[in-house]
1. Consider Gly98 carefully, then state whether it is buried (at least 17 other Cβ atoms within 10 Å of the Cβ), under 19 Å from the mean Cα position of the chain (by Cα), part of a helix (DSSP H, G or I) and at pLDDT 90 or above.
2. Within region 39-49, track down each residue that is open to solvent by 90 Å² or more (accessible area, probe 1.4 Å) and of a type in the set (Val, Ile, Thr).
3. Does Ala125 fit the bill of being in contact (Cβ under 8 Å) with a residue 60 or more places away in the chain, part of a helix (DSSP H, G or I) and closer than 26 Å to Leu76 by Cα?
4. Let me confirm something: among Trp110, Trp22, which residue is on the phi < 0 side of the Ramachandran plot and touching a Pro at 6+ places or on another chain (Cβ under 8 Å)?
5. Which of (1) closer than 29 Å to Leu153 by Cα; (2) surrounded by 13 or more Cβ atoms within 10 Å (Cβ to Cβ) is the odd one out, the single condition Asp115 does not satisfy?
6. If you scan region 50-71, which residues turn out to be over 13 Å from the mean Cα position of the chain (by Cα), within 21 Å of Leu118 (Cα to Cα) and surrounded by 16 or more Cβ atoms within 10 Å (Cβ to Cβ)?
7. Going by what's in this entry, would Ala159 be described as within 20 Å of Val32 (Cα to Cα), assigned to a helix (DSSP H, G or I) and open to solvent by less than 30 Å² (accessible area, probe 1.4 Å)?
8. Could you tell me which of the residues Ile158, Ile165 is under 24 Å from Ala49 (Cα atoms), out of contact with any Pro (no Cβ under 9 Å at 6 or more places or on another chain) and in contact (Cβ under 8 Å) with a residue 40 or more places away in the chain?
Amino acid sequence: ESQARHAIEDPPMRRVRHRLPWLLAGLAGAAVATMAMAGFESTLSAHIAVAFFVPGIVYLADAIGTQSEAVAVRGLSLTRSGIAHLLGGELRTGMAIGASLGLVSFLPVWVAFGDVRLAGAVATAIFAAGTMAAALGLLLPWWLARLGRDPALGSGPIATVIQDILSLLVYFAVVRAFGV
């Protein structure tokens, strides 16, 4: 309660001191994400349509993870359940959301681009990235709370950049596996 009150009531420079380190870590992670994208330059050059789905896949993973983070930050202090039980539930939730969004995306991608392999890769990547994002959205706030850090400050920036990197790596691995 005290951490939450300070996070919103402290003077601006103290807020900056508490928030900026997490965002600097996110900036470093953004550089890693850029390098990950650059590592798939040949894939992108060979099939430019692959690039069109990067923002959507990254966004969906971030949104799923953000929902999980919000639930975790709010609920971890209230629950009596163990982390294994919570993680199992969040993984199943992420899988269901990822599968739903992947299925919804499959037909429009196939129709718009005329490539069933691309549609399958996009749908599969949404499923996998969504599942991982849900798990990370729970685990990172839990881990930060266990370390005595404020999960509300660190979870968002760190989870977002980790999800971005993982989403990119998963998407390009799936694209290669599908032979796109």
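The values are calculated or read from the model by the stated rules, or taken from the named source; none is laboratory data. These numbers come from a predicted model, not from an experiment. Please note: Cβ atoms are built from the backbone with ideal geometry, for glycine as well, and neighbour counts cover all protein chains shown. Accessible surface is based on the protein model in full, side chains and every heavy atom, while ligands, DNA and RNA are left aside. Shrake-Rupley method; radii C 1.70, N 1.55, O 1.52, S 1.80 Å.
1. yes
2. Once the filter is applied, which keeps residues that are open to solvent by 90 Å² or more (accessible area, probe 1.4 Å) and of a type in the set (Val, Ile, Thr), region 39-49 yields only Ile48.
3. Spelling it out, it is not the case that Ala125 is in contact (Cβ under 8 Å) with a residue 60 or more places away in the chain, part of a helix (DSSP H, G or I) and closer than 26 Å to Leu76 by Cα.
4. Trp22
5. Going through (1) closer than 29 Å to Leu153 by Cα; (2) surrounded by 13 or more Cβ atoms within 10 Å (Cβ to Cβ) one by one, Asp115 breaks only (1).
6. Val50, Phe53
7. Yes, satisfied.
8. On the way: Ile158 fails: under 24 Å from Ala49 (Cα atoms).
After ruling out the rest, the residue left standing is Ile165.
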